[in-house]
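I have placed the structure first, in the form of structure tokens, so that the comments after it can refer back to it.
The values are calculated or read from the model by the stated rules, or taken from the named source; none is laboratory data. For clarity, every value in this text was computed on a predicted model and none was experimentally measured. In this analysis, Cβ positions are derived from the backbone assuming ideal geometry, glycine residues included, and neighbour counts consider all displayed protein chains. Protein only, heavy atoms only, side chains kept; ligands, DNA and RNA dropped before computing areas. Shrake-Rupley method; radii C 1.70, N 1.55, O 1.52, S 1.80 Å.
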Amino acid sequence: MIIKKVSFLFLSILFIVHCYSQQCNVEGKVIDKSTGKSLPFVNMIVTGNPQCGTTADIDGNFKISAPAHIGSLSFSYVGYRDTIIPINNTSNNIKGLVIKLQEISFQIQEVKILPGVNPALRIIRTAIDNKDKNNPEKVHSFTYDSYNKMYCTADMKDATDTVNSLDTIKKPNTHKDTAHRHHHSIKRLLKRQYFFLMESVSQRKFLYPDHNYEKVIASRTSGFTNSPIALLAQELQSFSFYGDQINVFDVDYLNPVSDGGIKRYYFIIEDTLYNGKDTVYVISFKPRQGKNFNAMKGVVYINTNGYAFQNVIAQPIREDQTMTINIQQQYKFINNKQWFPVQLNTDWYYNTSIITDTSIIVVKKDSLNPDDEHNKLKVVSTNYIKNIVLDTVLRKREFGRVTEETDEHASEQTEDFWNKYRGDTLSRKEKKTYRLIDSIGKANHFDRKLKWFESLASGELKMGWLNMDLNKIINFNGYEKIRLGMGFHTNDEVSRIFSIGGYGAYGTGDKAFKYGGDIGFVFDPYNHVKLDFAYQQDVIGAGVVGFYNDNSQNLLSTEYYYNYFINNMDKIQKETVSLTFDALRYFQFDLFGDEQIRTVTNSYEFGITNDNLTVLSNQYWFTEAGVGFRFAYRENFVKGPMGMISLGTKYPIVWGNITQGFNSLLNGEYEYTKYDLKISKVFKIPLAGYSSIELLAGYVQGNIPYSVLYDARGTYQQFTLGVDNSFEAMRLNEFLSNRYVNLFYSHSFQSFLFRSGHFRPELKLLSSAGWGTLANPASQYGITYKTMDKGYYESGMEIDNLYKSSFTSLGVGGYYRYGPYAFSKPMDNFAFKFTATYSLE
């Protein structure tokens with residue numbers, strides 16, 4: 001019996017050795033036959049043996065092994081013709097095989113799928129049920145390293161394919177000949193190098209539920225000494241495909257594998273693969289007919305091991321055909337415990353033609369074969385995630401408000417350091433790109449121009465040791481009309497500790513000059529600790545409230561237009577001292593004191609009655625001290641070459657002021673306490689657009705002039721521009737209060753109606769309400785005003801994006817006031833305006 005067992009064991013070992021000796025390995029890459037582009041996640045099996053197969057990785061690379069010689073391989077891929085490739089080689093180790101697949105016209109058939117019939121829906125529902133378990137950002141904690149590469153090139157069709165064969169006997173076409181020479185020049189150039197190349201290495205740590213930090217420790221960008229966009233590669237697409245919304249280029253698309261997506265997408269099983277004991281379902285998806293939403297199309301590979309994503313290929317469906325985006329994601333089962341993304345690719349194509357001269361690359365739209373889909377600018381970004389550690393020991397105190405930053409020495413890393421993180425050394429083409437573009441960058445002073453761009457982003461244009469304040473050049477308001485000016489501040493080239501600045505301006509409406517100056521001392525740039533002293537002789541809106549670090553006044557907000565409607569202004573002479581700083585993690589503070597003289601510019605006068613004698617005045621002395629603050633719970637920031645940039649927060653943002661006025665301190669004439677509050681929140685509602693709500697409130701305790709009271713934010717002027725968070729049908733300076741509450745609500749349905757080219761109507765509904773009282777009406781002389789004791793109400797509708805370009809959208813709006821303060825003539829209650837918004841999409 002023992003002999004039989006030993007013999008059996010011996011024979012088994014011989015069999016295993018024999019099988020191992022016959023092991024056949026085939027390695028290669030799968031590409032598109034027409035374009036040469038790598039094809040990710042192609043399925044392949046040893047012909048006739050479905051259990052012996054594999055899937056190409058995200059770069060199209062594959063390695064397949066079999067216990068015996070492989071006679072042929074069968075390749076299948078959604079949208080491509082099934083192909084069988086014979087392996088005519090007696091060797092058991094074949095490398096460098098290039099498989100070219102032919103694309104076919106592929107379209108998911110829009111068939112009617114009845115409940116319980118489509119097997120793909122059962123798989124998708126099971127994947128949805130397991131999303132939380134498979135979502136990598138639902139685990140306790142993790143860390144990883146990421147190597148990121150981005151390059152810019154172009155898909156160039158052979159120019160000879162576009163030449164008419166009869167051109168040789170026609171009159172020479174100089175423009176066409178020049179275009180063809182440019183075409184060939186670029187094609188030769190792109191065989192040797194890219195237009196642009198960028199690399200970065202980052203380290204990320206994550207602690208559930210939302211503590212996140214990523215630091216770029218190495219960066220290199222062709223043409224620049226210091227990388228300006230090292231953090232860009234991390235922001236192109238969502239980290240995983242498990243959210244209900246998938247973010248690509250800062251636009252949210254409905255995830256097909258979600259509760260909301262399953263009703264709005266078609267799903268079809270395209271293939272079934274085998275991975276050991278697990279099965280992988282290849283399921284295509286596209287939006288159902290008649291469904292209008294931010295949609296995607298593509299393919300998901302779902303592994304029955306947890307019904308998790310193994311691979312994802314998706315393309316957001318965009319109506320503007322100016323850009324096409326493709327994303328790919330690859331996941332692996334880490335430590336037999338958790339599916340985790342290991343590679344993220346983003347490809348985007350611009351429908352733009354390319355020309356060049358002898359020194360620098362130029363992009364020019366419609367300059368060469370504008371209808372040729374192959375002549376497109378192409379940018380490819382790839383993130384390789386490695387050194388993944390799950391459930392590592394992390395603590396909340398390790399995370400701050402900065403979630404992403406670039407190390408100040410990131411651009412100084414050695415080649416040995418880079419090669420530790422690269423999957424392979426740089427190719428000859430990549431090295432040539434760096435050499436050539438770096439030399440061009442040096443000759444054309446790219447680093448210097450980058451600093452100028454950084455200044456533009458911050459509202460200041462760097463000019464040697466001075467920064468020009470761009471927001472001082474031209475402005476508009478109802479009193480000065482066109483305001484022309486110029487302002488300067490010293491920059492870091494003079495000192496990192498202090499800055500000195502000043503400005504001058506002239507108003508075409510009041511025909512008067514204004515000026516001011518300041519000096520500031522920076523103690524801690526990271527926490528924005530700064531002490532400022534300022535002086536100004538200018539004009540300021542009467543009854544207008546401002547808040548510290550209020551982003552509503554940037555050029556991308558329509559609230560910026562509110563300045564155009566301010567026609568009641570005071571002349572002001574003011575000295576201010578302020579200390580600003582960040583504290584308590586989510587607070588930003590402004591401690592201030594000031595002395596000011598205000599002079600009225602209209603017929604208004606403030607009256608004080610003593611012993612039956614009323615004294616009227618149109619000039620007032622104020623001495624104030626107070627605190628302003630901004631609170632944004634869980635607001636995160638990116639720290640990079642352009643400074644600290646807010647990533648926003650999903651919670652409401654709160655601003656507040658507490659101001660105390662002093663009588664008999666310095667030259668102050670009025671004793672009062674003033675409280676101001678602003679709360680703003682935007683709610684995203686999946687498949688229904690987004691809602692915005694803003695609350696403004698204020699209260700002044702004390703008998704004071706109009707200057708420190710509250711105007712109600714009326715912006716009525718027919719056929720002007722609509723202003724967010726204002727009363728569109730309320731007349732200018734119609735209401736006056738010493739205590740008030742305003743509430744503004746709007747809901748945008750986004751472009752869910754229909755879209756066609758630049759015409760993408762977006763319906764927006766608005767409702768606003770205000771309430772206010774005035775404690776001392778007898779002290780107000782020379783003007784006509786109302787109070788909002790009974791409540792003011794108006795509603796309206798806007799249709800935005802009647803014309804939508806890359807950065808601008810135009811529309812129209814209609815608004816109607818009703819309630820206690822409605823006019824007797826119905827048409828007087830209507831307001832009609834144009835709308836204009838700007839974005840960086």
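The rows are residues; the columns are (1) open to solvent by less than 40 Å² (accessible area, probe 1.4 Å); (2) of a type in the set (S, T, N, Q).
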{"site": "G501", "(1), (2)": "yes, no"}
{"site": "G504", "(1), (2)": "yes, no"}
{"site": "T508", "(1), (2)": "no, yes"}
{"site": "K511", "(1), (2)": "no, no"}
{"site": "L531", "(1), (2)": "no, no"}
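Of all residues in segment 31-46, count the ones that are part of a loop (DSSP other than H, G, I, E, B) and under 13 Å from E103 (Cα atoms).
7
Looking at L121, L114, which one is within 21 Å of K286 (Cβ to Cβ), at pLDDT 85 or above and not charged (D, E, K, R)?
Values: L114 fails: at pLDDT 85 or above.
When all the criteria are applied, what remains is L121.
With K215, K205 as the choices, which residue is modelled with pLDDT of 90 or more, touching a His at 6+ places or on another chain (Cβ under 9 Å) and either in a strand (DSSP E or B) or of a type in the set (A, V, I, L, M, F, W, C) (or both)?
Values: K215 fails: touching a His at 6+ places or on another chain (Cβ under 9 Å).
Every option except K205 fails the conditions.
Filter segment 582-637 for residues that are of a type in the set (S, T, Y) and surrounded by fewer than 16 Cβ atoms within 10 Å (Cβ to Cβ); which is farthest from D676 (Cα to Cα)?
From segment 582-637, those of a type in the set (S, T, Y) are 586, 599, 601, 603-604, 609, 614, 617, 620, 623, 633; that's our starting set.
Among the residues that remain, those that are also surrounded by fewer than 16 Cβ atoms within 10 Å (Cβ to Cβ) are: 599, 603, 609, 614, 617, 633.
Numbers: T599: 23, S603: 27, T609: 28, T614: 30, S617: 26, Y633: 19 Å.
Of everything passing the filter in segment 582-637, T614 is farthest from D676 (Cα to Cα).
Go through segment 658-692 and report how many residues are under 20 Å from R598 (Cα atoms) and among the aromatic types (F, W, Y).
The number of residues fulfilling the criteria is 3.
Can you pull out every residue in segment 404-423 that is over 30 Å from Y586 (Cβ atoms), modelled with pLDDT of 80 or more and open to solvent by 70 Å² or more (accessible area, probe 1.4 Å)?
Narrowing segment 404-423 to residues over 30 Å from Y586 (Cβ atoms): 411-423.
If we keep only those that are modelled with pLDDT of 80 or more as well, we get 411-422.
E412, T414, E415, D416, K420, listed by residue number.
Give the residues of segment 487-527 that are assigned to a strand (DSSP E or B) and over 30 Å from F476 (Cα atoms), sorted by residue number. Spell out how you get there, then give the answer.
Just the residues of segment 487-527 that are assigned to a strand (DSSP E or B), to begin with: 487-490, 498-507, 512-524.
Within segment 487-527, F498, F521, V522, F523, D524 meet the criteria.
In segment 53-90, what residues are within 12 Å of E27 (Cβ to Cβ) and of a type in the set (K, R)?
Residue satisfying the conditions is K63 alone.
Tell me whether segment 461-474 contains one or more residues that are part of a strand (DSSP E or B), among the acidic types (D, E) and either more than 32 Å from the chain's Cα centre (by Cα) or modelled with pLDDT under 95 (or both). Step through it out loud before you land on a result.
Taking segment 461-474 as the starting set, the residues that turn out to be part of a strand (DSSP E or B) are 461-463, 466-469, 474.
Filter once more, so that each one left must be among the acidic types (D, E): 469.
Of the ones still in play, those that are also either more than 32 Å from the chain's Cα centre (by Cα) or modelled with pLDDT under 95 (or both) are 469.
Yes; the residues of segment 461-474 include at least one that is part of a strand (DSSP E or B), among the acidic types (D, E) and either more than 32 Å from the chain's Cα centre (by Cα) or modelled with pLDDT under 95 (or both).
Return the only residue of Y716, Y672 being part of a loop (DSSP other than H, G, I, E, B), modelled with pLDDT of 95 or more, of a type outside the set (D, E, K, R) and more than 30 Å from G648 (Cβ to Cβ).
Exactly one residue qualifies, and that residue is Y716.
Could you check segment 753-778 and list, in sequence order, the residues that are of a type in the set (F, W, Y), under 22 Å from G722 (Cα atoms) and either out of contact with any strand residue (DSSP E or B) (no Cβ under 8 Å at 6 or more places or on another chain) or at pLDDT below 90 (or both)? Please lay out each step first, then the result.
Step one: filter segment 753-778 for residues of a type in the set (F, W, Y), giving 754, 759, 771.
When the remaining residues are screened for being under 22 Å from G722 (Cα atoms), the result is 759, 771.
The one that is of a type in the set (F, W, Y), under 22 Å from G722 (Cα atoms) and either out of contact with any strand residue (DSSP E or B) (no Cβ under 8 Å at 6 or more places or on another chain) or at pLDDT below 90 (or both): F759.
Test Y690 against the stated conditions and say whether it is under 31 Å from the mean Cα position of the chain (by Cα) and not in a loop (DSSP other than H, G, I, E, B). Talk me through it step by step, then tell me what you get.
On the way: under 31 Å from the mean Cα position of the chain (by Cα): yes; not in a loop (DSSP other than H, G, I, E, B): yes.
The answer is yes for Y690.
Out of everything in segment 50-64 that is of a type in the set (S, T, N, Q) and exposed (fewer than 15 other Cβ atoms within 10 Å of the Cβ), what residue ends up being modelled with the lowest pLDDT? Talk me through it step by step, then tell me what you get.
We begin by selecting, within segment 50-64, every residue of a type in the set (S, T, N, Q); these are 51, 54-55, 61.
Subset that is exposed (fewer than 15 other Cβ atoms within 10 Å of the Cβ): 51, 61.
Numbers: Q51: 71, N61: 90.
This residue is Q51.
Does segment 547-581 hold any residues that are within 18 Å of G478 (Cβ to Cβ), touching a residue at least 40 places away in the same chain (Cβ under 8 Å) and open to solvent by less than 60 Å² (accessible area, probe 1.4 Å), and which are they?
T558, E559, Y561, Y562, N563, F565, I566, N568, M569, D570
Of the conditions (1) under 29 Å from the mean Cα position of the chain (by Cα); (2) in a loop (DSSP other than H, G, I, E, B), G306 clears all except one; give me its number.
(1)
Somewhere in segment 615-634, is a residue under 39 Å from the mean Cα position of the chain (by Cα), closer than 30 Å to D492 by Cβ and either among the small types (G, A, S) or in a loop (DSSP other than H, G, I, E, B) (or both)?
Within segment 615-634 (the criterion being under 39 Å from the mean Cα position of the chain (by Cα), closer than 30 Å to D492 by Cβ and either among the small types (G, A, S) or in a loop (DSSP other than H, G, I, E, B) (or both)), the answer is yes, since at least one residue qualifies.
Can you find a residue in segment 261-268 that is among the hydroxyl-bearing types (S, T, Y) and over 16 Å from Q330 (Cα atoms)?
Looking only at segment 261-268, we keep the residues that are among the hydroxyl-bearing types (S, T, Y), and these are 265-266.
Filter once more, so that each one left must be over 16 Å from Q330 (Cα atoms): 265-266.
The answer is yes; a qualifying residue exists.
I'd like the full set of residues that are within 26 Å of E199 (Cβ to Cβ) and crowded, with 17+ Cβ neighbours inside 10 Å, limited to segment 236-271.
Within segment 236-271, L236, Q237, S238, F239, S240, F241, I246, V248 meet the criteria.
Inside segment 569-614, can you point out the residues that are among the small types (G, A, S) and outside any loop (DSSP other than H, G, I, E, B)?
Just the residues of segment 569-614 that are among the small types (G, A, S), to begin with: 578, 583, 593, 603, 607.
Matches in segment 569-614: S578, A583, G593, G607.
Could you count how many residues in segment 657-681 are under 45 Å from the mean Cα position of the chain (by Cα) and either open to solvent by 80 Å² or more (accessible area, probe 1.4 Å) or within 13 Å of F629 (Cβ to Cβ) (or both)?
Keep residues of segment 657-681 that are under 45 Å from the mean Cα position of the chain (by Cα), which gives 657-661, 672-681.
Filter again for either open to solvent by 80 Å² or more (accessible area, probe 1.4 Å) or within 13 Å of F629 (Cβ to Cβ) (or both), leaving 657-659, 675-679.
Qualifying residue count, segment 657-681: 8.
How many of the residues making up segment 385-403 are outside any loop (DSSP other than H, G, I, E, B), surrounded by fewer than 16 Cβ atoms within 10 Å (Cβ to Cβ) and of a type outside the set (D, E)? Walk me through how you get there before you give the answer.
Of all residues in segment 385-403, those outside any loop (DSSP other than H, G, I, E, B) come to 385-390, 396-398, 402-403.
Add one more test, that the residue is surrounded by fewer than 16 Cβ atoms within 10 Å (Cβ to Cβ), and what stays is 386-387, 389, 396-398.
Checking which are of a type outside the set (D, E) leaves us with 386-387, 389, 396-397.
Summing the residues that are outside any loop (DSSP other than H, G, I, E, B), surrounded by fewer than 16 Cβ atoms within 10 Å (Cβ to Cβ) and of a type outside the set (D, E) in segment 385-403 gives 5.
Under the condition of being more than 24 Å from V812 (Cα to Cα) and modelled with pLDDT of 95 or more, which residue from segment 682-703 is surrounded by the fewest Cβ atoms within 10 Å (Cβ to Cβ)? Lay out the reasoning, then the answer.
Looking only at segment 682-703, we keep the residues that are more than 24 Å from V812 (Cα to Cα), and these are 686, 695-703.
With modelled with pLDDT of 95 or more added as a condition, the list becomes 695-701.
Details: L695: 17, L696: 22, A697: 18, G698: 20, Y699: 17, V700: 21, Q701: 14.
If we take residues in segment 682-703 being more than 24 Å from V812 (Cα to Cα) and modelled with pLDDT of 95 or more, then Q701 is surrounded by the fewest Cβ atoms within 10 Å (Cβ to Cβ).
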